[in-house]
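Worksheet for the structure shown next.
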Amino acid sequence: MNAPARALHDTPRSDWTRAEIAALFALPFPELMFRAASVHRAHFDPTQVQTSTLLSVKTGGCPEDCGYCSQSSKYETGVKASKLMAVDAVLADARAAKAAGASRFCMGAAWRSPKDKDLDQVCAMVEGVKALGMETCVTLGMLTSGQAARLKQAGLDYYNHNLDTSPEYYSEIVTTRSYQDRLDTLEAVRDAGIHVCCGGIVGMGESANDRVGLIHALATLPTHPESVPINALVQIEGTPQGLATPLDPIDFVRMIAVARITMPKSMVRLSAGREEMSQETQAMCFLAGANSIFCGPKLLTTPNPLADADRQLFEKLGLSPMPLP
Ligand code: SF4
C-alpha cells in the first residue's frame, strides 16, 4: 500500500518520512482534497468547527527576534509594550468571548519565558477561565518542567508553542532561541500532561521543501499535537523586509490538507491570515480538514474577521460551532 493510501488507515503515525509527505503535497489537487476530507470525516463531524478566542494578556516588548512578530522589541512596529493584565480584566474578556460562542479561551504573553511571579498571575487567570466552563490555552514562551507542572495544577488544558517552520529554515526567522529549545518546551508541556498546540507559519519565503519539513517535524513528534495551527504570514510593518512572499491560496489549502492527513486526530486550526483570505479559500480549507478557527476582532495584535463575518460564513457553508467535549 502506498503512503498516501496508508494514511487513510487511521492510526496516527509518528514515523512519517519526508518522501511520504512530499508525495502527499505532490498529489493532484482533487485527489489530495478527497483523501484529506476522507480522513477528516473518519475522525470528526466535518460540519463542526471549533471557535477559540485569543487575548493578548501582555503585549509587546519581547526580547526575542521572531522575524514575523509585531511584539518583538527588536523591530519598530508601533506596538506599545504593556504590563501583564489584571486577572479581573482578563476574566471579563473571557465572559464576553463565551457569550459570543467561543468554547476555548487562549491567552498570549510576549515573553521569552515567564518569571515565577508572573506565572502566579497567569495561573489565577487559568483557574478563573476554567471556572467559566471554557477550555484554557496559554502561550508564554519557553517553559521549564516545573513551570509546566504549575500550569497543569492550575487546570491548563493547552499550551501553544509553535515550531514556526522547518528545522533548516528556522535560523532565517529566529536567532534568539533554537529549534531544540522549542522542542524542549514541547516535551516539558507534554510531560506535564498538558495538551500541545503547535504549528507554524507559511508565506515567509520558505521553499516547498521547508513546508514538507515543518509538517514532518510536527507529524513525527512522539505524540501529535492535539491542536495544529497553520498560519499565513501577516506582514507587519517594521519587521524584516522581504520576509513575506506572496502565498498561493491553493498552496495554503494543500498545507492544511497534508496536516489533516498526517495528523488525523488533531484539531487543524486555520489561524492568522484569514482576514486576507477569500471566503472561497476558507471554504476549501474546511473541505481540506481545517476544523478550528480564531474568532474576534484581533489575533494578538493583527486584525481578524469579526464574529459577524464568521457567523455569516458558517451560515453560508452550513457549518456550526463545535460544542465543548
Ligand atoms: S517569542 Fe512570541 S512574542 Fe516574542 S517575538 Fe517571538 S513570537 Fe513575538
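Structure summary
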| quantity | calculated |
| --- | --- |
| Close pairs from segment 267-289: first at positive phi, partner hydrophobic (A, V, I, L, M, F, W, C), Cβ under 6 Å, at least 6 apart | Gly273/Ala232; Gly273/Val234; Gly289/Ala36; Gly289/Val268 |
| Of all residues making up segment 143-156, the number that are of a type outside the set (Val, Ile, Thr) and open to solvent by 30 Å² or more (accessible area, probe 1.4 Å) | 6 |
| So Ala94, is it open to solvent by 30 Å² or more (accessible area, probe 1.4 Å), within 30 Å of Ala290 (Cβ to Cβ) and away from the ligand (no atom under 16 Å from the Cβ) | no |
| Given (1) more than 16 Å from the ligand (Cβ to nearest atom); (2) open to solvent by 60 Å² or more (accessible area, probe 1.4 Å); (3) in a helix (DSSP H, G or I); (4) in contact (Cβ under 8 Å) with a residue 40 or more places away in the chain, number of the condition Asp184 does not satisfy | (1) |
| Condition broken by Val196, with the remaining ones in (1) more than 16 Å from the ligand (Cβ to nearest atom); (2) not in a strand (DSSP E or B) satisfied | (2) |
| Of all residues making up segment 97-131, the number that are away from the ligand (no atom under 16 Å from the Cβ), of a type outside the set (Phe, Trp, Tyr), out of contact with any Lys or Arg (no Cβ under 7 Å at 6 or more places or on another chain) and open to solvent by less than 20 Å² (accessible area, probe 1.4 Å) | 8 |
| In segment 44-85, the residues that are touching a strand residue (DSSP E or B) at 6+ places or on another chain (Cβ under 8 Å), of a type in the set (S, T, N, Q) and within 14 Å of the ligand (Cβ to nearest atom) | Ser56, Ser70, Gln71, Ser72, Ser73, Ser82 |
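Let's see how each residue does on (1) part of a loop (DSSP other than H, G, I, E, B); (2) modelled with pLDDT of 95 or more:
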position	(1), (2)
Pro12	yes, no
Ile21	no, yes
Leu24	no, yes
Leu32	no, yes
Ala37	no, yes
Val49	no, no
Leu55	no, no
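The values are calculated or read from the model by the stated rules, or taken from the named source; none is laboratory data. Please read all numbers here as calculations on a predicted model, not as lab measurements. Neighbour counts are summed over all protein chains in view; Cβ atoms, including those assigned to glycine, are modelled from backbone coordinates with ideal geometry. What goes into the accessible areas is simple: the full protein's heavy atoms, side chains included, and nothing from ligands, DNA or RNA. Shrake-Rupley method; radii C 1.70, N 1.55, O 1.52, S 1.80 Å.
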